[in-house]
């Protein structure tokens with residue numbers, strides 16, 4: 001009988017077009033990662049170590065959107081090497097703030113920003129990972145909630161679905177005891193249509209939610225936009241509110257297009 005120790009599940013973390021904020025959230029999970037380090041092998045995580053072990057990988061975490069031809073090919077390779085692939089953050093799940101390019105002429109923008117735009121190799125759009133490959137789970141946030149991130153890792157290692165709430169920021173406001181900034185102060189807030197995960201940090205300081213965690217499950221964006229208009233919010237401001245970090249997520253994108 002063999003006494004060989006079973007191989008640990010291999011975790012890989014990949015970066016595409018992004019600011020690295022979601023990877024830093026993982027690095028911020030110092031105590032939590034130490035608690036599970038005996039159960040996993042971090043095979044590829046360039047933000048944390050120069051170590052690189054070839055695939056296949058049991059779980060890949062992918063940060064960032066697809067903005068170049070090279071990355072469109074690279075994500076196919078990552079998918080082929082990964083048993084499970086989880087996208088983390090607004091860039092990977094909705095194209096990120098860089099998806100604002102999707103509404104403009106990329107050639108014109110490049111000519112304004114770069115002295116020699118002819119050397120750029122870029123796509124006209126910034127798109128989420130799910131537009132290119134099959135994704136097993138999407139974890140939203142800008143950046144992601146580190147506790148939710150650890151839960152996702154543990155869930156896939158134990159072959160269960162992640163226990164990540166799908167309710168809105170409004171529920172977090174109630175749990176925190178926040179006074180509703182819309183009803184009490186007339187402050188425009190995306191909380192009713194935004195996925196929970198931030199612990200309602202902006203409303204806790206009397207500011208409206210900016211939608212950092214993207215659309216919640218079945219958001220009624222039309223009703224919220226109508227309420228904002230009744231409050232006197234200009235059409236252009238409504239458009240810009242829905243077209244930010246998660247502006248290319250389907251629900252937010254369709255609502256913003258109504259106000260162009």
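The values are calculated or read from the model by the stated rules, or taken from the named source; none is laboratory data. These numbers come from a predicted model, not from an experiment. FYI the Cβ positions are ideal-geometry reconstructions off the backbone, even for glycines, and counts take in every protein chain you see.
Do we find that residue 107 is more than 21 Å from the chain's Cα centre (by Cα) and either in a strand (DSSP E or B) or within 30 Å of residue 256 (Cα to Cα) (or both) in this structure? Can you show your working first?
On the way: more than 21 Å from the chain's Cα centre (by Cα): yes; either in a strand (DSSP E or B) or within 30 Å of residue 256 (Cα to Cα) (or both): yes.
Spelling it out, residue 107 is indeed more than 21 Å from the chain's Cα centre (by Cα) and either in a strand (DSSP E or B) or within 30 Å of residue 256 (Cα to Cα) (or both).
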Please pick out the residue among 207, 240 that is free of Cβ contacts under 8 Å to residues at least 40 places away in the same chain, part of a helix (DSSP H, G or I) and farther than 30 Å from residue 58 by Cα. 240
Run down 39, 43, 12 and say which single residue is touching a residue at least 60 places away in the same chain (Cβ under 8 Å), closer than 22 Å to residue 154 by Cα and either in a strand (DSSP E or B) or touching a strand residue (DSSP E or B) at 6+ places or on another chain (Cβ under 7 Å) (or both). 12
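Given 150, 112, which one is closer than 30 Å to residue 32 by Cβ and part of a helix (DSSP H, G or I)? Spell out how you get there, then give the answer.
Details: 112 fails: closer than 30 Å to residue 32 by Cβ.
It is 150.
With 142, 91 as the choices, which residue is within 16 Å of residue 20 (Cα to Cα), touching a strand residue (DSSP E or B) at 6+ places or on another chain (Cβ under 8 Å) and surrounded by 17 or more Cβ atoms within 10 Å (Cβ to Cβ)?
Details: 142 fails: touching a strand residue (DSSP E or B) at 6+ places or on another chain (Cβ under 8 Å).
Going through 142, 91 in turn, the sole match is 91.
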Residue 75 meets each of (1) out of contact with any helix residue (DSSP H, G or I) (no Cβ under 7 Å at 6 or more places or on another chain); (2) modelled with pLDDT of 90 or more; (3) not in a strand (DSSP E or B) with one exception, condition (1)
Exposed (fewer than 13 other Cβ atoms within 10 Å of the Cβ), part of a helix (DSSP H, G or I) and free of Cβ contacts under 8 Å to residues at least 24 places away in the same chain - does that describe any residue in the stretch 54-72? no
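Between 192, 219, which is at pLDDT 95 or above, touching a strand residue (DSSP E or B) at 6+ places or on another chain (Cβ under 9 Å), assigned to a loop (DSSP other than H, G, I, E, B) and crowded, with 19+ Cβ neighbours inside 10 Å?
Values: 192 fails: assigned to a loop (DSSP other than H, G, I, E, B).
Result: 219 is the single residue among 192, 219 that is at pLDDT 95 or above, touching a strand residue (DSSP E or B) at 6+ places or on another chain (Cβ under 9 Å), assigned to a loop (DSSP other than H, G, I, E, B) and crowded, with 19+ Cβ neighbours inside 10 Å.
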On the given criteria, is residue 26 modelled with pLDDT of 90 or more, in contact with a strand residue (DSSP E or B) (Cβ under 9 Å, 6 or more places away or on another chain) and either outside any helix (DSSP H, G or I) or not assigned by TED's automatic domain parsing to the domain that holds residue 212 (or both)? no
